[in-house]
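J.: One structure, pasted below without further comment.
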Amino acid sequence: MNRATPLLPGSTIGVLGGGQLGRMMALAARRMGYRICVLDRDPRCPTGQVADDVVVGTLDDVASALTVAERSAVVTLDTEHVPAELLARIAAICPVRPGPSVLATIQDRAVQKRFLDDRGVPQARWAPVGSPDELATAVAAIGRPAILKARRAGYDGKGQVRLEPGGDPLAAWRAIGQPPAVLEVLVPFAREVSVILARALDGEVRFYPLAENVHRRHILHTTRAPAPMPDQRRRHAETLAGDIATALDHVGVMAVEMFELVDGTLVVNEIAPRTHNSGHYTYGACATTQFEQHVRAVCGLPLGDPRAFTGAVMVNLIGDLWANGEPPWQHVLARPEARLHLYGKLTPAPGRKMGHVLLLDDDTDRALRTAEELVAVLAT
Ligand SMILES: Nc1ncnc2c1ncn2[C@@H]1O[C@H](COP(=O)(O)OP(=O)(O)O)[C@@H](O)[C@H]1O
Ligand SMILES: [Mg+2]
């Protein structure tokens, strides 16, 4: 089939990984009349619960991934931690979007950082760590405080450890299992923001309102959108992110996480070549959700309208809230501006993302206060 021929409703979209991002994408896709075939080790995973078809297998199982490809018109991802080599195998059977080369660049932090350095994109000073000698060299070059991050497979702060002034670098490296890593200077940011964009098959890029993010214990806690920011700086953030998406020849939704310094300088933290937790507000606040937008992009359709109809605040519901059993949802459901999203995860665990609440309110300061009140009530 011609690359430009759009895949219309009725087609099957293969999804590698069955987490909450795949679930919300599947819900959007099925609303539009697409079919979903998901690969996951657990048939009861969040996406499996709402898919047409589940292939049971791990994300590095070639035979299972090829089965998904044979049943699908296009294959996409719920996580960037699918081996790029496996994607290259699938690409021989059906289109994979985003493509294997995007994933090969993103899924190794050192490769990603070199890619950004080569393009002159501002980022935190960093150095590779592959041996005790290299670690000592990196600490001498980067200084402390710093953050040591495994090159691969990190998310929600997993595989990361902070190195304090005077701290023992080897002990820190051992604490994350001594993987190939990068050492990054600790950035004294004023706040964190992310650009959520979509890039279509024909190269068109569209931006969602900028998201402002607060992390707790390295896990996203709240997102506010639109992030208050002077227009010129916001356009600069969009240019940085859009240029990255285009340089990668990315297809689909992408999030570019950034640190904003006190003087307004923007520094890129990391790239996620997929829908993103900080884009959940689009599902409720925007004309086209990030999930529909991703479906449109990977199916070769024109992008939808990303405009927001309201301000919004998203607050994540982490497994710790389940310490005393199922949280009292009636407090969320009693609020007309609140939307409850639960991902259908069967076992809550501390630090695990179980769902989120979206508050639709043009007064985002008020919504941020409401979010904290709700989390406090849900924790009791
Ligand atoms: N170099 C850094 N300086 C300051 N804070 C950082 C740095 N790197 C990460 N963090 C904090 O940790 C969070 C998670 O780190 P990140 O690199 O985005 O990994 P992931 O999201 O894959 O777990 C960031 O959003 C930020 O709050
Ligand atoms: Mg991150």
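J.: Taking a probe of 1.4 angstrom, what is the accessible area of Cys45 in Å², to the nearest 10?
T.: 10 Å²
J.: For the range 266-324 and the range 184-259, write down the distance between their C-alpha centroids in whole Å.
T.: Computed from Cα coordinates, the inter-centre distance equals 11 Å.
J.: Here is a further query. Skip the ligands, DNA and RNA, and give the accessible area per residue of the chain with a 1.4 Å probe, whole Å².
T.: Roughly 41 Å² per residue, with all protein chains present.
J.: Further question on the same structure: Using label points projected 7 Å from each Cα along Cα→Cβ, tell me how many nm separate Leu261 and Ile93, to one decimal.
T.: Taking the two extended label points, one gets 4.8 nm.
J.: Return the carbon/sulfur percentage of the accessible area of the chain, one whole number, probe 1.4 Å, all protein chains in place.
T.: On the chain, the fraction of accessible area on carbon and sulfur atoms equals 52 percent.
J.: Which value in nm describes the separation of the simple spin-label points at Arg233 and Ala379, placed 7 Å from the Cα toward the beta carbon?
T.: 2.9 nm
J.: Could you pull out every one of the lysines with an alpha carbon less than 25 Å from that of Lys113, ignoring same-chain neighbours closer than 8 positions?
T.: Lys149, Lys158
J.: Using DSSP to define loop residues, name the GluC sites (Glu not before Pro) in the range 131-234 whose beta-carbon has at most 13 other beta-carbon atoms within 10 Å.
T.: Qualifying residues, ordered by number: Glu204.
J.: State, as an integer percentage, the relative contact order of the range 191-379 based on alpha-carbon contacts under 8 Å between residues 6 or more apart.
T.: Taking the mean separation of contacting Cα pairs over the length of the range 191-379, I get 21 percent.
J.: Going through the range 294-378, which trypsin sites (Lys or Arg not before Pro) have at most 16 other Cβ atoms within 10 Å and a DSSP loop state?
T.: Arg307, Arg352
J.: For Asp60 paired with Asp362, estimate the spin-label separation in nm (one decimal), with each label point 7 Å from Cα along the Cα-to-Cβ line.
T.: 5.2 nm
J.: Summing -39500 (n - 2.57) over the DSSP H runs of n ≥ 4 in the chain and dividing by its residue number, what mean residue ellipticity at 222 nm do you reach, to the nearest 500 deg cm²/dmol?
T.: -9000 deg cm²/dmol
J.: Along the principal axes of its C-alpha atoms, what lengths does the chain span, in descending order and rounded to whole Å?
T.: Principal extents (largest minus smallest coordinate, Cα): 59, 50, 45 Å.
J.: Just check the range 29-95 against the gyration tensor rule for me: Cα atoms, a ≥ b ≥ c as the square roots of the eigenvalues, rounded for a/c under 1.5, and otherwise prolate or oblate depending on whether a/b exceeds b/c.
T.: Working: a/c = 1.83, a/b = 1.28, b/c = 1.43.
Oblate, because a/c is 1.5 or more while a/b does not exceed b/c.
J.: Find the relative contact order for the range 228-336 and round it to a whole percent, using C-alpha pairs within less than 8 Å whose residues are 6+ positions apart.
T.: Reported relative contact order: 18 percent.
J.: Between the DSSP loop rule and a limit of at most 12 other Cβ atoms within 10 Å, which trypsin sites (Lys or Arg not before Pro) in the range 172-252 are left? Don't jump to the answer; show the numbers that get you there.
T.: Values: sites: Arg174, Arg191, Arg199, Arg206, Arg216, Arg217, Arg224, Arg233, Arg234, Arg235; in loops: Arg217.
Loop-located and lightly packed - Arg217.
J.: Moving on to the next point. What does the accessible area of Glu337 come to, in Å² to the nearest 10, when a probe of 1.4 Å is used?
T.: 40 Å²
J.: With a/c under 1.5 counting as rounded, go ahead and sort the range 125-185 into rounded, prolate or oblate using the C-alpha gyration tensor (a ≥ b ≥ c being the square roots of the eigenvalues; past the cut-off, prolate if a/b is larger than b/c, else oblate). Please report the intermediate quantities before stating the final value.
T.: Values: a/c = 1.45, a/b = 1.33, b/c = 1.09.
It comes out rounded by the Cα gyration axes.
J.: Mind computing the radius of gyration and Dmax over the alpha-carbon atoms of the range 236-349? Å is fine for both.
T.: Every Cα atom of the range 236-349 included, Rg and Dmax give 17.1, 48 Å.
J.: Please state the relative contact order of the chain as a whole percent: Cα pairs under 8 Å, 6+ residues apart?
T.: Here the relative contact order equals 14 percent.
J.: Now, a different point. Taking a ≥ b ≥ c as the square roots of the eigenvalues of the Cα gyration tensor of the range 284-380, is the shape rounded (a/c under 1.5), prolate (a/b larger than b/c) or oblate?
T.: oblate
The values are calculated or read from the model by the stated rules, or taken from the named source; none is laboratory data. Values in this document were obtained by computation on a predicted structure and should not be read as measured data. Every residue, glycine among them, receives a Cβ derived from its backbone with ideal geometry; neighbour counts consider all protein chains shown. Areas reflect the complete protein model, heavy atoms only, side chains present, ligands, DNA and RNA absent. Shrake-Rupley method; radii C 1.70, N 1.55, O 1.52, S 1.80 Å.
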